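The values are calculated or read from the model by the stated rules, or taken from the named source; none is laboratory data. Keep in mind that this is a model prediction, so the values were computed, not measured. Ideal geometry is used to build each Cβ from the backbone, glycine not excepted, and the neighbour counts take in all protein chains shown.
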Amino acid sequence: MAHLLLAIIVILFPLEAPSQEPIIKDNFPQGRPELRWAFFPYFNLDNLEGVKDSKAPDGDNGIGILKNTNVGGFASLSYAVTRQTSNFYLESMVYCPVSEGSKGPLSGIAFLIDPIRGNFYRLVCDFKTNDPTLNLAYVGLDTRNYPVYLKFWDSKEIPGGIPKESGWHKMAIRVKNEKATAYWDGKELKGGPFIVDKIQRGFVGVYVNFVGGLGEATTKVDGFVLRKE
């Protein structure tokens, strides 16, 4: 009788299993993208591609690359074609270039991308030697595609300081209830969370730009992971 009563209780009130949020990822194994990618229609029409790379940080001989060469410079943005999301954690290994002077490439990740209204947020490494920073900004048609900066992190605020040479680093962003927290190499960056309420939900992706003039730039990524929260 006791066993029957227990069975009825379990049926009526099942034990709650720990929830596992869906994870979407692209490791570009052997240079083959695992997700479908699309170009942001208001920038250069370059799209993210997979290429073989024996030095891929995850060791699977492949990475993703996004160039800005379709019209010879400025910005390109490519996003993973998944369901749009509002609360999430996004991380990716990003190859951050260090460039001399006041001109150079920006590389990073983008989030809350709205390809219809033409706006998004992005977190980039901007390691020109004249004024090296990590920075977070909003960009949209309503700003004529000029960034509205939410935060700059300089050498004193970046864990480990400004890199001396180009290399791979883990960049991440967590968005919860229209507020964003940024991370660099697994450590939380100071100053957050930052209000990101101009876009309620959107896609995530990869960003590249060249600043200080017209020039070609490439963003390399690996271990691109989106976890909905």
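Tabulated values for the structure
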quantity: The range 169-194: number of residues that are farther than 29 Å from residue 103 by Cα and surrounded by fewer than 16 Cβ atoms within 10 Å (Cβ to Cβ); calculated: 4
quantity: Residue that is farthest from residue 65 (Cα to Cα) [pool: residues in the range 199-229 that are modelled with pLDDT under 95 and among the charged types (D, E, K, R)]; calculated: 229
quantity: Per-region count, the range 43-76, residues surrounded by fewer than 18 Cβ atoms within 10 Å (Cβ to Cβ) and in contact with a helix residue (DSSP H, G or I) (Cβ under 7 Å, 6 or more places away or on another chain); calculated: 4
quantity: Residue that is surrounded by the fewest Cβ atoms within 10 Å (Cβ to Cβ) [pool: residues in the range 17-37 that are outside any loop (DSSP other than H, G, I, E, B) and modelled with pLDDT under 95]; calculated: 23
quantity: Test for residue 74: is it of a type outside the set (Asp, Glu) and modelled with pLDDT of 95 or more; calculated: no
quantity: Residue check, residue 158 more than 21 Å from residue 76 (Cα to Cα) and in contact (Cβ under 8 Å) with a residue 24 or more places away in the chain; calculated: yes
quantity: Residue 202 loosely packed, with under 13 Cβ neighbours inside 10 Å, within 28 Å of residue 62 (Cα to Cα) and either of a type in the set (Lys, Arg) or under 17 Å from the mean Cα position of the chain (by Cα) (or both); calculated: no
quantity: Single residue of the range 42-55 satisfying the filter (at pLDDT 95 or above and under 30 Å from residue 139 (Cα atoms)) that is nearest to the chain's Cα centre (by Cα); calculated: 48
quantity: Residues satisfying the stated conditions in the range 109-141, i.e. in a strand (DSSP E or B), among the acidic types (Asp, Glu) and either touching a Lys or Arg at 6+ places or on another chain (Cβ under 6 Å) or farther than 18 Å from residue 170 by Cβ (or both); calculated: 114
